[in-house]
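Worksheet: the structure to be examined is printed underneath.
The values are calculated or read from the model by the stated rules, or taken from the named source; none is laboratory data. Here the structure is a predicted model, which is why all the values come from computation and not from measurement. For neighbour counting, all protein chains shown are included, and Cβ atoms are generated from backbone atoms with ideal geometry for every residue, glycine included. Areas reflect the complete protein model, heavy atoms only, side chains present, ligands, DNA and RNA absent. Shrake-Rupley method; radii C 1.70, N 1.55, O 1.52, S 1.80 Å.
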There are 2 protein chains.
Amino acid sequence: MNDGLAPGKFRVHASQGAARTGEFATDHGTIRTPAFMPVGTAGSVKSLSSEEVAGTGADVILGNTYHLWLRPGTSFLRERGGLRRFNLWNRALLTDSGGFQAWSLSKIRKIDDEGITFASHLDGSRLRFTPESVLSAQRDIGADIIMALDECTPSDADHATAERSWNRTLSWTRTMAELWRRDPTAHGHGQFLFPIVQGALHDSLREKSAREAAELDLPGNAIGGLSVGEPEADMYRIAGLCCQILPETKPRYVMGVGTPRNLLELVDRGVDMFDCVMPTRNARNGMVFTWNGSFHYKNASVAADERPIDPACGCAVCVAGYSRGYLRHLFKAGEILPLRMATLHNLHFYQELMQAVRGALCAGTWSEFKESTLRRLEGKGEPPP
Amino acid sequence: MNDGLAPGKFRVHASQGAARTGEFATDHGTIRTPAFMPVGTAGSVKSLSSEEVAGTGADVILGNTYHLWLRPGTSFLRERGGLRRFNLWNRALLTDSGGFQAWSLSKIRKIDDEGITFASHLDGSRLRFTPESVLSAQRDIGADIIMALDECTPSDADHATAERSWNRTLSWTRTMAELWRRDPTAHGHGQFLFPIVQGALHDSLREKSAREAAELDLPGNAIGGLSVGEPEADMYRIAGLCCQILPETKPRYVMGVGTPRNLLELVDRGVDMFDCVMPTRNARNGMVFTWNGSFHYKNASVAADERPIDPACGCAVCVAGYSRGYLRHLFKAGEILPLRMATLHNLHFYQELMQAVRGALCAGTWSEFKESTLRRLEGKGEPPP
């Protein structure tokens, strides 16, 4: 695939409007973009083995620095040669900086100019995230793509608050970038640092943030602070605005998003990478995604439904022919089997969707593909009328 | 394998003392004996897909009539052509009669000469198990081997109580056998009824019970009421005593047993079939079985252990190389992945053990195999000194 593309480099194969398809090279394989990254919170994508995740077609998964820091601990992982030696995931790995979890999970949190002090959600013990400690943790974990420490602001933060916050994030990012440039490796492979654009919903601040992030000239760029409660239209506007500023020559990653519809709309605005707990978490809550929309397999309405989740799906669960009614029965009986069956299906679907997105962009049929897919996704597991 | 053996027939290939290896034919494949049947309580072996269970080498699984009666319901299964059409298990299936669950799970229970009335442990609704209703339920489920309704007695039941109880069980079994002989099929395939010997720990009553069960001339015979709290020596004595009476020409099944050691000791006394929740339930509670004994993978002592559960094991988890430390980490993090990894491993080990038992019996090395294996099983995951 990567045909000589050096690790850390991005290449666009085809584009249509702002949307594009390409590849980002790492020492653990090429990430085909647009890419969806399953979330492997505590070192595994919940309920699935690493081979199963690879089997869904994922080139890259995300690990949470915050969770791995707490358990099994980053020094534990360093001594073992990194997370990949522990969870046997042999493709690309991205770790976040932990900033989002410090913001969303910890009740006790104090931010100063040097970092974030907060209490572990597990045992209340004090933790300190600084550009130095977060870089060090991500080196221990041994990700291919690592993220700058950021302060996530609520979507309704006023301009002054959001600007103060961004200035702090920018300062942390500069510190981290400087340290990273001195040694952009871990466990003998390359690591590629991405800054995270912030700025709440203030267009001018987002533009400033995107410009300043881009000026750091790091291997890729991320957009954070979206999908945190704001209207979808705002998310699309802000992401689109940032994409117009972030360089075309580097991948753009919107963090923590989203629904199949969100992915299509954001690809259309120039986003290349995504991660989200939605396909995995919703699977465990009784919901599945299909090309014809999502539905709750836990509902009584599917009790007698003998069809697979999606008769046209190529995942192992649908191909074997396990029925919606069987999954519903097992879910009601409190079994864990349907949770992983639905997880496998949902991740397979997300990867199939991204594969189709890449295919449409290569074929020059993106606009038609996007419109017809958005219509199909309105069904509730049935083709829309 | 079965080489013309008619469904419902048993053939012994080799024996040494009371121990023997053979096969029991069904319309859904041959059951190689001695056989261990994983327990598929609610229509699935907890945490595993039917393909995965088949992959461990199991020829037959057990389904619980009581649980399937409550959920999804036996008429639901009848309308769908049986459990196998629902859970996609395409090898042999055995269902118990529900008598044991009515005894062990229900707080409100009333036994009369015609059957057992009790309350569902789910919603308290009244249920009635009679020879007729239990046969009908097992026809709906569509098992290959079905069990007679029995009253399970505590191991400390006095002789008079145990005899009264056995007489009732015998009467139920006769009624059921008569009904079964009129139509020994379900969903177009054969069904084979086994009576269940009872009699608590009273030798003379167990002998009487075994004789009377044998006289019914059904396709196989089971021994119930063991492993319900009595000393292991009593279990071995009672099982051995029953095996001496139950005909050699039919499979002998000890219900609800047991540890690897139990299986070896009981095979040695002439038992051909086993079922037990131990490998699956213990897996979910953090324990794994190996040729070198069992250990708790949830314990802190394995946190830094980089070896697979059993480096010599051929299961997918051990072959992939997932470490004891990784399973422990995931268990502590509350993940469901280690539960199924341990389940897959444990079932693989139980099947590997039974395969080795059959091999030793064919090779005429049973006694040596048994003694050396019992010694190895004393290790706690390490070869014993």
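Under the condition of being farther than 30 Å from A:ASP27 by Cα and of a type outside the set (Lys, Arg), the residues counted in the stretch A:94-146 number 21. Looking only at the stretch A:286-298, which residues are in contact with a strand residue (DSSP E or B) (Cβ under 7 Å, 6 or more places away or on another chain), open to solvent by 30 Å² or more (accessible area, probe 1.4 Å) and in a loop (DSSP other than H, G, I, E, B)? The answer is none; no residue qualifies.
Quick one: how many residues across the stretch B:151-160 are under 20 Å from B:MET255 (Cβ atoms) and either of a type outside the set (D, E, K, R) or surrounded by 16 or more Cβ atoms within 10 Å (Cβ to Cβ) (or both)? Final tally of qualifying residues: 6. Condition (residue is more than 22 Å from B:GLY63 (Cβ to Cβ), among the β-branched types (Val, Ile, Thr) and in contact (Cβ under 8 Å) with a residue 24 or more places away in the chain) applied to the stretch B:319-330: is it met by at least one residue? Scanning the stretch B:319-330, I find no residue that is more than 22 Å from B:GLY63 (Cβ to Cβ), among the β-branched types (Val, Ile, Thr) and in contact (Cβ under 8 Å) with a residue 24 or more places away in the chain, so the answer is no. Residues of the stretch B:41-95 that are aliphatic (A, V, I, L, M), on the phi < 0 side of the Ramachandran plot and over 16 Å from the mean Cα position of the chain (by Cα): B:LEU48, B:LEU68, B:LEU70, B:LEU77, B:LEU83. Of the helices (runs of 4 or more DSSP H) lying entirely inside the stretch A:170-274, those containing at least 2 residues that are open to solvent by 10 Å² or more (accessible area, probe 1.4 Å), among the aliphatic types (A, V, I, L, M) and in contact (Cβ under 8 Å) with a residue 12 or more places away in the chain span A:232-245.
So that you can scan it fast, the table gives a plain yes or no per residue for (1) of a type in the set (Val, Ile, Thr); (2) modelled with pLDDT under 95:
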residue	(1), (2)
B:SER104	no, yes
B:ARG109	no, yes
B:THR117	yes, yes
B:ASP123	no, yes
B:THR130	yes, no
B:SER136	no, no
B:GLY142	no, no
B:ILE146	yes, no
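Pick out, from the stretch B:299-385, the helices (runs of 4 or more DSSP H) lying fully within it that include 2 or more residues that are away from chain A (no Cβ under 12 Å) and open to solvent by less than 10 Å² (accessible area, probe 1.4 Å).
Counting at least 2 such residues, we get B:337-363, B:366-376.
In the set (1) in contact (Cβ under 8 Å) with a residue 60 or more places away in the chain; (2) under 17 Å from the mean Cα position of the chain (by Cα); (3) under 26 Å from A:GLN351 (Cα atoms), A:ILE146 fails one condition alone, (1).
Go through the stretch B:220-274 and count every residue that is of a type in the set (Ser, Thr, Tyr), under 17 Å from B:ARG206 (Cα atoms) and within 15 Å of the chain's Cα centre (by Cα). Don't jump to the end; show me each part of the working.
Applying the first criterion (of a type in the set (Ser, Thr, Tyr)) to the stretch B:220-274 yields B:227, B:236, B:249, B:253, B:259.
Then keep just the ones that are under 17 Å from B:ARG206 (Cα atoms); that gives B:227, B:236, B:253.
Remaining after also requiring within 15 Å of the chain's Cα centre (by Cα): B:227, B:253.
Adding up the residues that qualify gives 2.
Kindly indicate whether A:ALA283 is open to solvent by less than 10 Å² (accessible area, probe 1.4 Å), within 21 Å of the chain's Cα centre (by Cα) and within 14 Å of chain B (Cβ to nearest Cβ). I'd like the intermediate steps shown before the answer.
Working: open to solvent by less than 10 Å² (accessible area, probe 1.4 Å): yes; within 21 Å of the chain's Cα centre (by Cα): yes; within 14 Å of chain B (Cβ to nearest Cβ): yes.
Spelling it out, A:ALA283 is indeed open to solvent by less than 10 Å² (accessible area, probe 1.4 Å), within 21 Å of the chain's Cα centre (by Cα) and within 14 Å of chain B (Cβ to nearest Cβ).
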